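A short write-up of the structure that comes next.
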Amino acid sequence: MLGLSGGVDSAVAAQLLSRDYEVHGLYLDIGLGGTGQADAAAVAHRLDIPFHTADIRQELENQVCGPFAADYLAGRTPLPCARCNPTVKFPALLALAEEIGAEKVATGHYARTALAPDGRVLLRKGLPANDQSYMLSRLPQNILQKVIFPLGDYEKTAVRAMAGQAELPVADKPDSMEICFIPDGDYAAWLEHRGTVPPAGDFVDRDGRVLGRHGGIHRYTLGQGRGLGVSGPHKYYVTEIDPAHDRVVLSDGSDLMARRVYCADMNWLSVDGLPEPLEVTVRLRHSKTELAAVARADGENVVLEMLDPARAPTPGQLAVLYQGDIVAASGWITGAERTAAC
């Protein structure tokens, strides 16, 4: 059971899987219209595979959209795709797979898996140019046991070429870089349409002096230096978001570096907790940057001792812990201990 989105990645995944499997395509309908469903159906027709649709609007609202809005109200910066994968997308694939008797589910993500000696399935990075393991790091073991990532050993340029050679109808379709339920990328307008935005408030400095006015804390994230509209003796950066007082605290950025990062709600993958400190590399946001750290248990949570300070670890984002190309665990960032400002 393949998640067929109407994009080039899932189309090529379908082509590759069809060599060895009986493939069914599933389009997940979120109710926004557009060409996605028609494009997915066209790919299924081209490859002669059965095509299904599933309405996931309610699950998306409950598991992703609602928490997305709540995070912004609380001064956090949400990561909706990482929430959607284990709670909406893969469960929808598994539900239909069970209904029709499919043994595996697949997507067009750029990641890989490997079987460990103890029988667990390890989540591994895809090739460096396209790796999407960060966004998949919340998948639990019971889902990973049934997942295939056919694009894990390919780069996007090769996938585009394969789509063209196979004359797939989406071969030239551009990639979508936005959140699926906010296709125009204007999340502030999306929040305003829901009627859940925080009110306007003050930009203040560390001493509480008012520097200007802002249009709501949901428009800002830690470390942001653009679009603030505040002038002064130096460039300003967002250094704290205060939802209780609707304030955004600005500084010169020298207080954004953190030696410790606190993580909660861990998803253990290649390890079962931390009986002793573990040397890892860690991604603190959806980028290719990995920093060396030592992970230590703090009850059920984890503290990351950064070997070099990390810039602006942001509550609401994921900390993904790696050992080589294997995902050891992931946890939601809840806070950080900053170094002293210079």
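The values are calculated or read from the model by the stated rules, or taken from the named source; none is laboratory data. None of these values were measured; they are calculated from a predicted model. In this analysis, Cβ positions are derived from the backbone assuming ideal geometry, glycine residues included, and neighbour counts consider all displayed protein chains. These accessible areas exclude ligands, DNA and RNA; they are computed on the full protein's heavy atoms, side chains included. Shrake-Rupley method; radii C 1.70, N 1.55, O 1.52, S 1.80 Å.
Points worth noting:
- At an R0 of 22 angstrom, the distance between the Cβ atoms of residue 38 and residue 95 translates into a FRET efficiency of 0.40.
- Aspartates and glutamates with Cα under 14 Å of residue 156, excluding same-chain neighbours fewer than 8 positions away: 9, 131, 172, 175
- Bridgeable lysines around residue 104 (alpha carbons under 17 Å apart, same-chain partners fewer than 8 residues away excluded): 89, 146.
- Summed residue charge, Cβ within 9 Å of residue 29's Cβ, Lys/Arg positive, Asp/Glu negative: 0
- Carbon + sulfur, % of accessible area of the chain - ligands and nucleic acids excluded, 1.4 Å: 49
- Each helix, a run of at least 4 DSSP H residues, gives -39500 (n - 2.57); summed and divided by the residues of the chain, these come to -6000 deg cm²/dmol at 222 nm.
- Once both labels are positioned 7 Å from their Cα atoms along Cα-to-Cβ, the gap between residue 230 and residue 19 label points is 5.5 nm.
- Hypothetical label at residue 292: residues of the stretch 259-285 whose amide nitrogen lies under 18 Å (7 Å Cα-Cβ projection): 259-261, 277-284
- Entry comment: accessible area of the stretch 2-166 is 43 Å² per residue, from protein heavy atoms only and a probe of 1.4 Å.
- Where both bridge residues fall in the chain, DSSP classifies roughly 80% of the beta bridges as antiparallel.
- The residues of the stretch 257-338 expose, per residue, 44 Å² of accessible area to a 1.4 Å probe.
- The simple spin-label model puts a point 7 Å past each Cα toward its Cβ; for residue 114 and residue 74 those points are separated by 3.5 nm.
- The residue list 49, 188, 85 was ranked by how far each Cα lies along the charge dipole of the chain toward its positive end, using unit charges on Cβ atoms, and 188 comes out on top.
- At a probe radius of 1.4 angstrom, the accessible area of the stretch 198-251 per residue rounds to 50 square angstrom.
- Per-q log10 I(q)/I(0), the chain, q = 0.06, 0.10, 0.13 Å⁻¹ (Debye; single scatterer per alpha-carbon; no solvent): -0.24, -0.67, -1.06
- Relative contact order %, the chain, counting alpha carbon pairs below 8 Å whose residues are six or more apart: 15
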